[in-house]
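K.L.:
Please read through the structure below; I'll follow up with questions.
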Amino acid sequence: MMMSALTKDNHSQLSPLVLWTLTVATGLVVANIYYNQPLLGDIAQSFKVSNGAAGQLAMFTQIGYATGLLFIIPLADMLKRKKMMLIDFAFVVASLLLAASAQQMWVLAISSFLIGLTSVIPQILVAMVAHLAKPEERGKKLGTVMSGLLIGILLSRTLSGFIGEHLGWRAVFYIAAGLMLVMWLMIAMIVPEVEPDYKGNYSSLMRSLFSLVKQEPQLRLAALRGGLCFACFSAFWTTLTFLLREPPFNEGSAIAGAFGLIGAFGALAASLIGRLSDKISANVLITYTLLLLLVSFIIFAFFSRSWAGLIVGVILMDMGVQATHIANQSIIFALNPNARNRVNTVYMVTYFVGGALGTFLASRLWSSYHWAGVCAIGISLSALVLIVHLLSLRKQNTLQNHSGA
C-alpha cells in the first residue's frame, strides 16, 4: 500500500512544467559539448596553432564526456539526483568560465575535458523522466525530453557559430555559463527530488558494468555500432569548419554552425524512421541506416566542393547516425529492465569513445590529406560497421535456424 502511494506520488510530480524544465535543461546542457566545433578555426587563429591542433579540443571534450558517463552517471542510482545535479551544475559553470578566459592552449584543452566531464546531466534527466512518468506515458514523455536533447545537439553549432562570428569565440562560453546558472535556478525551484534506488556501494555498482558487458552480446554489438557511427559523425563535424574556410566556400564559423539546421532535417527523418523499429526488426532497419551513412561519405568524397553535395550528404549522414542510435537503444533497453541506467552507461561510454576516435583521426589526417583524409575515415569506418553488422546478423540467423531445426 505504501509502495502504491509512493508510485502515485512520483508520477504526479511529472507535471507539464517539470517536463518542460527537464527538456530545456537537457538541450542546453548537452549543447556545451558541441559549442566548440564551429569555433575551431577561430580558436586556431586566436592561439596561432594549426587547425589540426585546434581540432583536438573537440576530442578532449568527447573524452571528458565519456569519462563522466562512466564514473559519474552510475552515482545517480546511489545519490539523490536533484542534489547531485545542482552540485554538478556548479562545476559545469566553472569549466565554461575557465574555457572563456583561457590564455594558453593547454588551459583550453583542460577546460574542454572538464566541460565534457561535467555536462553529463542530460543522462540523469532522461532516467529521471523514465522514473517519474506513468508506465503508459513513459514512451511519450521520453520522446519529449529526447527531442530536447536532439535539438540541443544540432542547434548548438548554429548558435555558437553565429555568436562566434559576431562576438568572438570566448563570448560563446560566457553566454553558456550564464545559461547554466539560469537552469540551476530553475531545477532548484521546479524539479522534485528523486531518492536513490541502489542499496549497494559504488565499487559493486561499477563491477556490475563489466558483468553486463560479458553477459549481453547484443549490448556489445550495439555499442560497437554506435561508437563507429559516432566516429564518422564527429570526424565530419570537427573538420567541416576547416573545409568551409577554403575555396570555393571561403566562409566563417556562422556558416559552419548553420549546417546544424540542415542536419535537423535529417534528424527529424531519423526519428520517423526510428518508429519503424516497432513494426520491423531493429537489426534489419539498422542495415538500411548504416547504408545511408556509407552513401553520405561517398557523396562527401565526390561532391564536397559544391553546396548541394554537402547539404545532401549532411542530411543523409545525420539520418543514418541518429536512426541507428534510436534503433540501438530500442535493442539495449529491452535487454535488462532492472539495469537500464548501467546498460545505457556502457552504450554511451562506447559511443563517445568512438566520437573521440573520429575526432582524433580527422584532426590528424587533416594536416596531411585535408578533406580526402576525412572522407577516407568516414568511408572506411562506415563500411567496417556495416560489415560487422551484417556478419552478426548472419550469425544470428544461422543460430535461429539451428535452434528451430
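The values are calculated or read from the model by the stated rules, or taken from the named source; none is laboratory data. Bear in mind the structure is a predicted one, so any value in this text is a computation, not a measurement. Here Cβ is always computed from backbone atoms with ideal geometry, including for glycine, and neighbour counts include all displayed protein chains. The area values use the complete protein model at the heavy-atom level, side chains included, leaving out ligands, DNA and RNA. Shrake-Rupley method; radii C 1.70, N 1.55, O 1.52, S 1.80 Å.
K.L.:
In a helix (DSSP H, G or I), at negative phi and at pLDDT below 90: does that describe Thr21? Step through it out loud before you land on a result.
P.N.:
Values: in a helix (DSSP H, G or I): yes; at negative phi: yes; at pLDDT below 90: no.
So Thr21 fails the test.
K.L.:
Regarding Leu114, is this residue within 19 Å of Ser156 (Cα to Cα), open to solvent by 10 Å² or more (accessible area, probe 1.4 Å) and not basic (Lys, Arg)? Spell out the reasoning first.
P.N.:
On the way: within 19 Å of Ser156 (Cα to Cα): yes; open to solvent by 10 Å² or more (accessible area, probe 1.4 Å): yes; not basic (Lys, Arg): yes.
Yes, satisfied.
K.L.:
Take the conditions under 17 Å from the mean Cα position of the chain (by Cα), at pLDDT 85 or above, more than 21 Å from Asn36 (Cα to Cα) and crowded, with 21+ Cβ neighbours inside 10 Å and apply them to Gly355. Does it pass?
P.N.:
On the way: under 17 Å from the mean Cα position of the chain (by Cα): yes; at pLDDT 85 or above: yes; more than 21 Å from Asn36 (Cα to Cα): no; crowded, with 21+ Cβ neighbours inside 10 Å: yes.
No: the conditions fail for Gly355.
K.L.:
Now for a different question. Can you tell me which of Ile63, Ile33 is closer than 18 Å to Leu240 by Cβ and at pLDDT 90 or above?
P.N.:
Numbers: Ile63 fails: closer than 18 Å to Leu240 by Cβ.
Selected residue: Ile33, the only one of Ile63, Ile33 that is closer than 18 Å to Leu240 by Cβ and at pLDDT 90 or above.
K.L.:
Suppose we keep only residues that are out of contact with any Pro (no Cβ under 9 Å at 6 or more places or on another chain) and among the polar types (S, T, N, Q) within segment 187-225. Which one would you say is surrounded by the most Cβ atoms within 10 Å (Cβ to Cβ)? Please lay out each step first, then the result.
P.N.:
Taking segment 187-225 first, the residues out of contact with any Pro (no Cβ under 9 Å at 6 or more places or on another chain) are 187-197, 199-201, 203-204, 207, 210-225.
Cutting the leftovers down to among the polar types (S, T, N, Q) gives us 201, 203-204, 211, 215, 218.
Details: Asn201: 10, Ser203: 8, Ser204: 10, Ser211: 11, Gln215: 12, Gln218: 16.
Step by step, filter segment 187-225, then rank; the result is Gln218.
K.L.:
Only one residue in Ile190, Ile87, Ile110, Ile163 is within 28 Å of His325 (Cβ to Cβ) and of a type outside the set (Lys, Arg). Which one? Before you say what the answer is, go through the steps one by one.
P.N.:
On the way: Ile190 fails: within 28 Å of His325 (Cβ to Cβ); Ile87 fails: within 28 Å of His325 (Cβ to Cβ); Ile110 fails: within 28 Å of His325 (Cβ to Cβ).
It is Ile163.
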